[in-house]
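Engineer: Would you mind keeping the following structure in view while I ask a few things?
The values are calculated or read from the model by the stated rules, or taken from the named source; none is laboratory data. Please read all numbers here as calculations on a predicted model, not as lab measurements. Counting neighbours? That spans all protein chains shown, and the Cβs are built from the backbone with ideal geometry, glycine included. Please note that ligands, DNA and RNA were not included when accessible areas were found on the heavy atoms of the full protein model with its side chains. Shrake-Rupley method; radii C 1.70, N 1.55, O 1.52, S 1.80 Å.
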Amino acid sequence: MKERILTGDRPTGPLHLGHYVGSLQQRVRLQQTHDQTILVADLQALTDNGQNPKKISDNILNVVADYLAVGIDPTQTTICLQSALPALSELTMYYSNLVSIARLERNPTVKHEIHYRGFGRTIPAGFLTYPISQAADITAFRATQVPVGDDQLPMIEQTNEIVRRLNSIVGAPVLCECQAMLSHFPRLPGIDGRAKMSKSMGTAITLGATENQIRAAVKAMYTDPNHLRITDPGQIEGNVVFTYLDAFHPDAGFIEELKTHYRRGGLGDGQTKKILEDCLQSLLAPIREERQRLMQDKAMLIEVLRQGTEQANEVSQRLLLDVKRALGLSLF
Ligand code: ATP
Ligand code: MG
């Protein structure tokens, strides 16, 4: 039996380079050896976009097109839609009774997001509890591996706490524990060098970015503020151009030489940015073209999602039934 994987993305916007290095590249590789399900997490996206559901519904097909454009193959991977999988919402209700508010408030990623979004006491209840619904997503597919960026590590920890609690209450291993699979680049910073690249923070280069958008983003990238003249020695640490070169340039040896030169002085930010821009243009051009082609056939994208969701419904309903039986809630 193949090992099971569950991952997902919030349709809060088209996917970006952070998703590419943090998770998508791994998923393309893993689909050949694992039983992989990918969830378009529209319910989770609504937890901080409740006032703007159109933003979420508009982005569902964008995300599906991104998956296919980078090479996720729907004959190997099940691509499904969270809001069309009622078992996930039901499981969330059961798990909600096993997690305290204090525990939810301690989750460092949620804490950071609450602060960034300026929620204070106006935080939507659904937002505070989204790690519970994420536990429902992961366990519903009996996933043991979860390829994610490092912002998701606290969610995996919380999921495993729920798994252990439920299993100990019912006295049987109904739910599976899971582990995070971090990529070689688990956190790509935004182009401003702060926090992680994120759709919601406007610091992203999307997979469908145009040539001009890529050029403008690289131009605006944070470098070393003390590297004023080309002859000045430059600093690599915290210099986003080098972080991205490490993440995306295929020739690591060349990048090491470039770093030595930059540190010594004599290499301008214009030159390093040009190298990065060329590299990103050639990485993204084929993805953008494929994405454009796919977006012209929305009926096909919907069909991919419909078929995947049908399969995912069968799997998740089975797990829900196991949980209800274990809780003694299956009289009829
Ligand atoms: P939002 O700002 O709406 O939360 P996001 O950009 O954080 O969007 P998500 O849909 O929340 O994207 O994340 C989907 C997956 O991509 C998660 O596994 C997450 O860890 C990973 N990921 C997101 N951003 C990055 C990043 N900058 N570097 C590495 N992985 C990332
Ligand atoms: Mg996020």
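Engineer: Got a sec to turn the phi values of the stretch 225-236 into Karplus ³J(HN,Hα) couplings, 6.51 cos²θ - 1.76 cosθ + 1.60 with θ = phi - 60°, whole Hz, x for Gly and Pro?
Structural biologist: x, 8, 8, 7, 10, 4, 6, 5, x, x, 10, 7
Engineer: Can you work out the accessible area per residue across the stretch 211-293, with the rest of the protein chains kept in place, probe 1.4 Å, in square angstrom?
Structural biologist: Ligands and nucleic acids excluded, the figure is 54 Å² per residue.
Engineer: What are the residues whose amide H is under 5 Å from the amide H of LYS196, where those residues sit 5 or more places off or on another chain and H is modelled from the backbone?
Structural biologist: Residues meeting the criterion, in which the H sits 1.01 Å from N, are GLY190.
Engineer: Check which residues have an amide H placed less than 5 Å from GLY265's amide H, if you skip close sequence neighbours.
Structural biologist: Amide H neighbours of GLY265, under 5 Å, 5+ apart: GLY234.
Engineer: By the scheme Lys and Arg +1, Asp and Glu -1, what is the net charge of all other residues having a beta-carbon under 14 Å from that of GLN281?
Structural biologist: Residues close to GLN281 contribute a combined charge of +1.
Engineer: Can you give me the solvent accessible area of SER23 with a 1.4 Å probe, rounded to the nearest 10 Å²?
Structural biologist: 10 Å²
Engineer: Let me ask something else about it. Where the centroid of each part is defined by its Cα atoms, how far is the stretch 114-184 from the stretch 303-332 in Å?
Structural biologist: Computed from Cα coordinates, the inter-centre distance equals 18 Å.
Engineer: Of THR33, THR92, THR272, which has the most accessible area with a 1.4 Å probe, and how do the rest follow in descending order?
Structural biologist: Sorted by accessible area, descending: THR33, THR92, THR272.
Engineer: Hey, can you list the DSSP H helices of the chain whose Cα span along the axis is 24 Å or longer and whose average Kyte-Doolittle score is at least 1.6?
Structural biologist: Taking the DSSP H segments of the chain (at least 24 Å long, mean hydropathy at least 1.6), we get none.
Engineer: Do any of LYS111/LYS199; LYS111/LYS196; LYS54/LYS199; LYS54/LYS111; LYS55/LYS298 go past 20 Å between their Cα atoms, and which?
Structural biologist: Beyond 20 Å: LYS54/LYS111.
Engineer: Something else now. Taking amide H positions as placed 1.01 Å from N in the peptide plane, with prolines and chain starts having none, which residues 5 or more places from GLY8, or on another chain, fall under 5 Å of its amide H?
Structural biologist: LEU39
Engineer: In the stretch 1-96, what trypsin sites (Lys or Arg not before Pro) fall in a loop by DSSP, with at most 10 other Cβ atoms inside 10 Å?
Structural biologist: LYS2
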